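The values are calculated or read from the model by the stated rules, or taken from the named source; none is laboratory data. As the structure is a prediction and not an experimental result, all values here were calculated from the model. As a convention, Cβ positions derive from the backbone with ideal geometry for all residues, glycine included, and neighbour counts pool all protein chains shown. All accessible areas refer to the heavy atoms of the entire protein, side chains included, with ligands and DNA or RNA removed. Shrake-Rupley method; radii C 1.70, N 1.55, O 1.52, S 1.80 Å.
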Amino acid sequence: MRFLCALLFFALSVERLAAEDFPGELGKIVQGLEKTKAAAVAGNDGWLFFGGELRLLSVGKFWGDDARKVSRAHKPDLADPVPAIIDFQQQLKARGIELIVVPVPPKAAVYPEKIVPGFDVHANDPAPVLRQFYDELRAAGVDVLDLSALFVRERDNSRGPVFCKTDSHWSGLGCVLAAQAIAEKIRPKIANAAGGKEYVSEWKDAQISGDLDGLLARDTRKPGAEKIAIQTVSEKGNGRPVEPDANSPVLLLGDSHTLVFHDFLAERAGLLDQLALQLGFAPDLIGTRGSGATPVRINLYRHTAKDAGYLAKKKVIVWCFAAREFTEATEGWAKVPVAK
C-alpha cells in the first residue's frame with residue numbers, strides 16, 4: 001500500500017512539475033536545438049515540433065518593455081508586435097473595414113504531452129502568456145480569435161489530430177475547424193453580402209511529407225510520410241476549384257496557413273476553400289509562404305497601390321498567421337500603411 005501511495009505521489013509530482021515548469025522544459029529543448037543548429041525536434045509518438053514555436057512558449061512576456069529582450073527581430077525598435085497590430089486595426093477601422101486577427105496556436109500548446117511527458121492540457125494552460133497578450137489586444141479594440149480552446153476540445157477527433165504530426169501546419173481537420181470558427185465571426189459583419197455560389201465537399205485521405213522532417217538534427221530518425229484527412233471543396237455542378245475573388249467583401253491575409261492544402265501539400269482543401277464552403281462565396285487571398293507579420297501587410301499595400309479602389313470593396317480582413325511570429329519574425333513588426 002505504501003508503495004502504491006508513493007508511486008501515486010511521484011506521478012502527481014511529475015505532472016505538477018510539468019505544469020509549473022513547462023516553459024522551462026521547453027527552454028532546455030530550445031537550447032539543445034541551438035547547440036545542434038537544428039530547427040525542429042522529435043517528441044513522442046512520432047510528433048515533430050518546430051523550435052520557433054517552442055521558443056515562443058518558453059520566453060514569457062514578449063511585448064512592451066520585454067519585447068527587445070526576447071524577439072528575433074533584426075531591428076530592436078520593431079520587436080514589439082502591439083503597436084503594429086493596433087495601428088493596422090485603426091487604419092482599417094477608419095476605412096470602415098473590420099479586422100479579425102487569427103493567430104494559429106502553437107502545436108505544443110495543443111499537444112504539450114507530446115513534447116513534455118506528464119503535462120495534462122485539460123488540467124493546465126500551457127500558454128497563459130498568450131492568453132494575457134490576446135486580452136491586452138482586445139482591450140485596445142483588436143478582435144482576436146483564439147482557436148486554442150476549440151483545438152484542445154477537438155484534439156482527439158475521430159478524423160485525426162488538429163495538427164500534422166510531421167509538419168508545422170494545422171491538419172486538414174484543423175483547417176476546417178478554423179474556417180468554421182472564422183466564418184462564425186464573419187457572418188454578422190457581412191449580413192447583407194449575397195452568396196453567389198454553391199459548393200460541395202468531400203473528405204479524402206492525403207499523404208504528405210511534412211516540412212519538419214528536414215529540419216531535424218542529422219542523427220535524428222526521420223518518421224517519413226504521414227497520412228491525414230482533408231476536406232476538398234468544389235463548385236457545385238461544374239466541379240471547379242475555389243478561386244480567390246478580388247471583388248469579395250472578405251480578404252484572407254496571412255502566412256502559409258492561408259495557403260497550405262490550397263497551394264501546397266494538397267489542393268482544394270485550404271482555408272480559402274473551407275471559408276467559401278462556409279460563407280457561400282470565395283474571399284480574396286493575399287498569402288505568403290514567408291512571414292505573416294510585416295511582409296504580408298507590405299503585399300497588401302502593393303495591392304492597394306496598383307488598385308486605388310481595392311480596399312473600398314472590403315468589409316472584413318482576416319489576418320491569419322502562426323502565433324510564433326510574435327517573437328520569431330526576423331523582419332519585426334513595422335507599422336505599414338494600408339494605402340497611399
Summing +1 per Lys or Arg and -1 per Asp or Glu among the other residues with Cβ less than 13 Å from G141's Cβ gives -3
Using alpha carbon centers only, the range 100-127 is separated from the range 199-260 by a whole-angstrom value of 22
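Leaving out ligands and nucleic acids, note down the accessible area per residue over the chain with a 1.4 angstrom probe, in whole Å².
Roughly 46 Å² per residue, with all protein chains present.
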Gyration tensor (Cα only) of the range 127-254 to equivalent ellipsoid, semi-axes in Å sorted down, yields 29, 24, 13
The orientation-averaged projected area of the Cα convex hull of the range 182-248, in nm², is 7.5
The percentage of the accessible area of the range 136-206 (probe 1.4 Å, all protein chains present) made up of carbon and sulfur atoms, to the nearest whole number, is 43
Per its Cα gyration tensor (rounded if a/c is under 1.5, else prolate when a/b beats b/c, else oblate), the range 36-149 is best filed as prolate
All alpha-carbon distances of the chain, grouped into 10 Å bins from 0, give the whole-percent distribution 5, 25, 33, 24, 10, 2, 1, 0
Extend 7 Å from the Cα of S209 along its Cα-to-C-beta direction; within the range 132-172, residues with backbone N under 19 Å of that point are 164-169
The correct pair for the range 123-188, radius of gyration to one decimal and Dmax as a whole number, both in Å and from Cα atoms, is 13.4, 38
Taking placed amide H atoms and a strict 5 Å upper bound, the residues 5 or more places from D245 or on another chain that come that close are D284, L285
As straight-line cross-link partners of K75, the qualifying lysines (C-alpha separation under 16 Å, not fewer than 8 residues apart within one chain) are K335
Taking protein heavy atoms only, a 1.4 Å probe, and rounding to whole percent, the accessible area of the range 24-99 owed to carbon and sulfur comes out at 48
